[in-house]
Amino acid sequence: MNPNPSAEPKGSVLLVDDIPENLRLLTDILTQQGYQVRSVTSGAMALRTAIAKPPDAILLDIKMPDMDGYQVCESLKANETTRDIPVIFISALDDLLDKVEAFQVGGVDYITKPFHVEEVVARLESQLTIQRQKRQLQQEVRIRRETEEILYQSRALLSSILNSSLDGIAAMQAVRDVGGTIGDFRCLVVNPVVAKMLGKTREELIGNLVLRRLVQSIDPDLFQKFVNVVETGETLESELAYSTPEGDRWYHYIAVKLGDGFAVTVRDITSRKQIELALQAANEKLEILANLDGLTQLANRRRWDACLEQEWRRCAREQQPLSLLLCDVDYFKRYNDAYGHLAGDDCLRQIARAIAHAAKRPADLVARYGGEEFAVLLPNTSTAGAAQIAENIQTAVHNLSIAHSQSDTSDWVTLSIGIATVTPHPEGSPETLLHEADSALYQAKQQGRNQTVQTAASIVG
Amino acid sequence: MPDAWKAAFYNAALEADSAQVQGLIAEIATSHAALAQELSQWSHQFRFDKILEWVEALSVPAASVADISNISNISDIANISDVEQP
C-alpha cells in the first residue's frame, strides 16, 4: 500500500469530538506526528466509519450530544469488527466516577483536558505498540495453529497409510555398543502387516530391541544385511522364504537407510510365488510330455532326434564308439489285423518295456521311432556291447511269449534288429549311422526276420 | 454527477477520509461551484455524516416516502449556495 516503507505511517487514529475546533487542533498535531488521522463529530458517524474501515486506535470525547463517549465505546466493544480497537477517552471532566465508568465500558486509557501534546502522543503510542504486539502475537498463534494442523494432518495421513497399507512397513533405529558396533535395532514404527508377519502385536515391537532375535529365525544372515544397509547406505532389495506352521511364505523386501537406521517395506509374494512354482512344474511336465510317446511312454521322435545329434557330437569329441539299434516288430500289420488294434497297442507297450529294460544304462536312450519300429541309442558302446544288448532284447521279447498266429517265422511275436556302430567323425553326420542300421535291419528282414544283423561296415567311422 | 464519482465520494466520506473527499469535491468545483463550496464546508467541519446523507439521497430516488422528503430537502440545500451552517 505504502510506496515508501521508511515513511510508513505510525498508525491510523480516529478522533471523535462534537466540537470541530477541538478536532482541527488535534488532527493537525497528530498528522504532523506522522499518524493517519480521521475525524468525525458524532458517535453515530464514529461507529459507521470505524466499521467501514477500522482504525488502529480511537480517541473518544466523553461529553457529546445524542450519544456520549461511553455509549459509543460500548457499541464499539459489542461489534466483532471494532471490539479490539483500543479506545482512549478524552474529557474535561476529571472525577473518579467517570474514569471508572470509562474503564468499565472498555476504554484502555484516559486523557484529561487541557492536555500536553507529548502526553497524548505518548499514551496513543503505547496503545498502538500494545496493539501491534497483540496483532503480532495473534499472527504467531495463527501460524503456529496452522503448523500444528499441518503436522496433525501429515501424522494422520502417515498413520492412515501405515495402517491401511497392504505392504509391511517398519522403521528401525540402530542401537550401537560403546565401540560403535550395531548390536540390535529398536523398532520405531511398525505397521499392522509387519506385526502380523512377525507374529507379534505392535505394542510388543514398538520401542523394543527385538529385531535381531526375530530375524534370526527367518534368515540367520538377515541381521547382518540390515547392518550393512545402515553402514554402507546401499539399498537392499531381496526376497526371502520361510516356513511357518501354516506353510511356506515368500516375501519381497526393500530396506533403505534412514538416519542411523533403516526403513523397510515388505510385501507378501506367497501367492505369486505359488503360481510361479505351479507354472514351473507345469512347464516341466509339458516339456516331458512334448518328448514322450503317448502309447509306450518311451522317448518320441522329437526327443530321439535331439539326443542323437547331441550324443553324436559328444562321442566325436571324446572319440568314443556310438551304437544304434533299429528294432522292427515282425509281421505287425498281420498281428493288428488278427488281434485288433487294442491288442496291437498292448503288444507295442510290452515290447517297449522289454527294450527299455534291456537298455537301461543312464546314457542309453530307447525311442519309438515309427509305428512298430523302436530305436536304441547306445553311447560309448562298441560293436560287441551293442550285439550283447541286441541279444538281451531278443531274449526279453522272446520271454514275453506274445502269441502271433499269423507270423511266418514263429508262433510268437519276434523282432528284427539292425545294428550299426561308429566312432563319429566331427565333420560327419548321424544320418550315416542311421542309414547303416537301416541297411542292417533290411538285411535281417531279407534273411527271414527274427534275427539280428550287425553291419560289416560298422567298424568304419 | 456520474455514478462512479458518487460511489467514490460516498466511500471517502464513509471512511472519514478528508483528503479523498476534498479531492473529489475539487473535481466538481467548476461545474457545480456552489455545491462544491457547500460540500467543502461540511468536509472542513468533519461533517461526513451530512455528506453521506446527501449522497444517499441522490442515489436512492423515490425509494420510499422518507427518501423522497429527504431528496427535496437536500436538493434545496444543494441549490442554495449560502445556506446557514448547521
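The values are calculated or read from the model by the stated rules, or taken from the named source; none is laboratory data. Keep in mind that what you see is a predicted model, and the values were worked out from it rather than measured. So basically every Cβ, Gly included, is an ideal-geometry build from the backbone, and we count neighbours across all protein chains shown. We work out accessible area using only protein heavy atoms, side chains counted, and drop any ligands, DNA or RNA first. Shrake-Rupley method; radii C 1.70, N 1.55, O 1.52, S 1.80 Å.
Okay, here's what the table says:
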quantity	calculated
Residue satisfying all of: in the range A:63-78; touching a strand residue (DSSP E or B) at 6+ places or on another chain (Cβ under 9 Å) and surrounded by fewer than 23 Cβ atoms within 10 Å (Cβ to Cβ); nearest to the other protein chains (Cβ to nearest Cβ) among these	A:64
Any chance residue A:84 is modelled with pLDDT under 90, part of a loop (DSSP other than H, G, I, E, B) and away from chain B (no Cβ under 14 Å)	no
Failed criterion for residue A:395 (all others in (1) open to solvent by 20 Å² or more (accessible area, probe 1.4 Å); (2) within 25 Å of residue A:345 (Cβ to Cβ); (3) outside any helix (DSSP H, G or I) hold)	(3)
Filter result (facing chain B (nearest Cβ under 7 Å) and either assigned to a loop (DSSP other than H, G, I, E, B) or open to solvent by 40 Å² or more (accessible area, probe 1.4 Å) (or both)) within the range A:28-43	A:41, A:42
One residue from A:146, A:125 being farther than 30 Å from residue A:205 by Cβ, assigned to a helix (DSSP H, G or I) and either open to solvent by less than 70 Å² (accessible area, probe 1.4 Å) or of a type in the set (S, T, N, Q) (or both)	A:125
Options A:271, A:243, A:323; residue that is of a type in the set (Gly, Ala, Ser) and touching a residue at least 12 places away in the same chain (Cβ under 8 Å)	A:323
Enumeration of residues in the range B:35-49 that are within 11 Å of another protein chain (Cβ to nearest Cβ), open to solvent by less than 50 Å² (accessible area, probe 1.4 Å), in a helix (DSSP H, G or I) and in contact (Cβ under 8 Å) with a residue 24 or more places away in the chain	B:43, B:48
Residue A:390 vs. criteria modelled with pLDDT of 95 or more and in contact with a helix residue (DSSP H, G or I) (Cβ under 7 Å, 6 or more places away or on another chain)	no
Residue identified as part of a helix (DSSP H, G or I) and either open to solvent by 60 Å² or more (accessible area, probe 1.4 Å) or within 30 Å of residue A:22 (Cβ to Cβ) (or both) among A:134, A:200	A:134
Number of the condition not met by residue A:339 [criteria: (1) modelled with pLDDT of 95 or more; (2) open to solvent by less than 60 Å² (accessible area, probe 1.4 Å)]	(2)
Top-ranked residue in the range A:209-264 [being of a type in the set (Ser, Thr, Tyr) and in a strand (DSSP E or B); ranked as modelled with the lowest pLDDT]	A:244
Among (1) more than 27 Å from residue A:50 (Cα to Cα); (2) modelled with pLDDT of 80 or more, the one test that residue B:80 misses	(2)
Filter pass, residue A:296 being touching a strand residue (DSSP E or B) at 6+ places or on another chain (Cβ under 8 Å), hydroxyl-bearing (Ser, Thr, Tyr), open to solvent by 50 Å² or more (accessible area, probe 1.4 Å) and modelled with pLDDT of 90 or more	no
Positions within the range A:96-116 being open to solvent by 50 Å² or more (accessible area, probe 1.4 Å) and not acidic (Asp, Glu), in sequence order	A:96, A:97, A:99, A:100, A:103, A:104, A:108, A:113, A:114, A:115, A:116
From A:429, A:458, A:416, residue being among the small types (Gly, Ala, Ser), at pLDDT 95 or above and either surrounded by fewer than 17 Cβ atoms within 10 Å (Cβ to Cβ) or at negative phi (or both)	A:416
Pick from the range B:21-31, criterion open to solvent by 50 Å² or more (accessible area, probe 1.4 Å) and touching a residue at least 12 places away in the same chain (Cβ under 8 Å), ranking: farthest from the other protein chains (Cβ to nearest Cβ)	B:27
